[in-house]
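Quick notes on the structure that follows.
The values are calculated or read from the model by the stated rules, or taken from the named source; none is laboratory data. Quick caveat: nothing in here was measured; it's all calculated off a predicted structure. All Cβ positions, even for glycine, are placed from backbone atoms using ideal geometry, and neighbour counts span all protein chains on display.
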Amino acid sequence: MQTPHIEKKPSSLRYYQEGPPESLDAIDMSTWTLKLFLPYESSPIQITFEKLKNIATITENRRVVCVCNWSIRRNWTGILLEDLFDYLGINPSRYRCYNLKQLSLGTAKGVYDSTIELSNAFENRAMIIWDIDGAALSLEEGYPIRLVDFSLYRYKGVKCLSELHITDEFEQGYWEGKAGYCKTGKIKPKRYRIVDLQEHRFIDGTGEVTEF
Ligand SMILES: Nc1nc2c(c(=O)[nH]1)N[C@H]1C(S)=C(S)[C@@H](COP(=O)(O)O)O[C@H]1N2
Ligand SMILES: [Mo]
């Protein structure tokens, strides 16, 4: 399960604003949980990594697009965000009008955050991921888990994901504030460098890229 021309992919550290945790040992997976906050609730529902991995694992070959004009298609293993909701007994349709704020675990340099629309995430089969191309996420790639909404630019998916907040607000995220990126994160129609194909292609900007 290798991505062609993976050596040409821009470094994961280049786009890791707060940077990864110092080492794998910095995250104790025996006590780690993903925390999900319902609207106006101050204590989260928590799920261990083991439980997360036993919900309904899928592997999908899908393309992601970076606002910095490049794109790559890779093999992503994890679960559908919608399946996580179902598993936790949270009816996805009840929260369709809400948003999902994602927070990274954070480092001394801060915490990365981004907010997405839940209805769009469910419709576009957003995933929580722990393996890429058949291998566990490296620290740089977002170990232990990351969220990806394939219909949006990559800055809308948080690596080293720690907290999810279901909220009726749509806050501006870390990168959006710093670089002035649009907070909806919709992919814009233009030419991109396609890393796995080693050529330039026009992406029409209507959502997830499925044509190639
Ligand atoms: N926690 C965190 N997640 C993040 C970022 C970040 O700075 N911090 N950068 C985003 C951006 S802009 C990109 S392009 C992708 C890079 O993912 P990659 O390491 O798979 O290339 O991670 C996204 N998720
Ligand atoms: Mo990016």
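In this entry, residue 128 is excluded by the filter for residues that are crowded, with 18+ Cβ neighbours inside 10 Å, touching an Asp or Glu at 6+ places or on another chain (Cβ under 6 Å) and under 26 Å from residue 203 (Cβ atoms). Consider residue 57 carefully, then state whether it is under 17 Å from the mean Cα position of the chain (by Cα), more than 16 Å from ligand 1 (Cβ to nearest atom) and surrounded by fewer than 18 Cβ atoms within 10 Å (Cβ to Cβ). Yes; evaluated as a whole, the condition is true for this residue. Out of 76, 70, one residue alone is touching a Pro at 6+ places or on another chain (Cβ under 8 Å), modelled with pLDDT of 95 or more, closer than 20 Å to residue 210 by Cβ and hydrophobic (A, V, I, L, M, F, W, C). It is 70.
The C-beta contact set for segment 166-185 (first residue at positive phi, second residue within 15 Å of ligand 2 (Cβ to nearest atom) and of a type outside the set (A, V, I, L, M), distance under 7 angstrom, 6+ apart or interchain) comprises 185/153; 185/155; 185/156.
Tell me, which strands (runs of 3 or more DSSP E) wholly within segment 1-84 include 3 or more residues that are in contact (Cβ under 8 Å) with a residue 40 or more places away in the chain?
Passing ranges, in order: 33-37, 58-66, 70-80.
Among the conditions (1) in a helix (DSSP H, G or I); (2) at pLDDT 95 or above, the only one that residue 125 does not satisfy is (1). Within segment 158-212, the residues that satisfy the criterion of being modelled with pLDDT of 95 or more, within 18 Å of residue 110 (Cβ to Cβ) and of a type in the set (Asp, Glu) are 163, 171. Restricting 172, 102 to residues that are polar (S, T, N, Q) and part of a loop (DSSP other than H, G, I, E, B) narrows the list to 172.
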